[in-house]
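The values are calculated or read from the model by the stated rules, or taken from the named source; none is laboratory data. These numbers come from a predicted model, not from an experiment. With ideal geometry, Cβ positions are generated from the backbone for all residues, glycine too; neighbour counts draw on all protein chains shown.
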Amino acid sequence: MGCGPKIGRRRIKKSKRKSKVSGSSTQETTLIIPRIPQICSNCKAKIQADSVKWTGPDSFECPYCGFTLLVDFEKIA
């Protein structure tokens, strides 16, 4: 086919490992829900979820004293 050295192709061996699955093949889904604390940790005022000003994806400002609070995350099974 041509002049010159013969360049061979390497054959890539596929592994013959079989994956073993024990038990059922269902995956569990865990939901994480953000919860706004009911009381401000700075001024102890009661916080309503609809009256907060969000300052970030997981932080908000107390409507009474302006203190920045973090959202609590709760796992739901």
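Couple of notes before you dig in:
- Applying the condition of being of a type in the set (Ser, Thr, Tyr) and part of a loop (DSSP other than H, G, I, E, B) to segment 48-69 and asking which residue is farthest from the chain's Cα centre (by Cα) yields 64.
- Here segment 40-77 is the region considered, the condition is being surrounded by 11 or more Cβ atoms within 10 Å (Cβ to Cβ) and among the acidic types (Asp, Glu), and the residue that is nearest to residue 30 (Cα to Cα) is 72.
- Just one of the listed residues (41, 15, 22) is part of a loop (DSSP other than H, G, I, E, B), more than 19 Å from residue 76 (Cβ to Cβ) and at pLDDT 85 or above, and it is 41.
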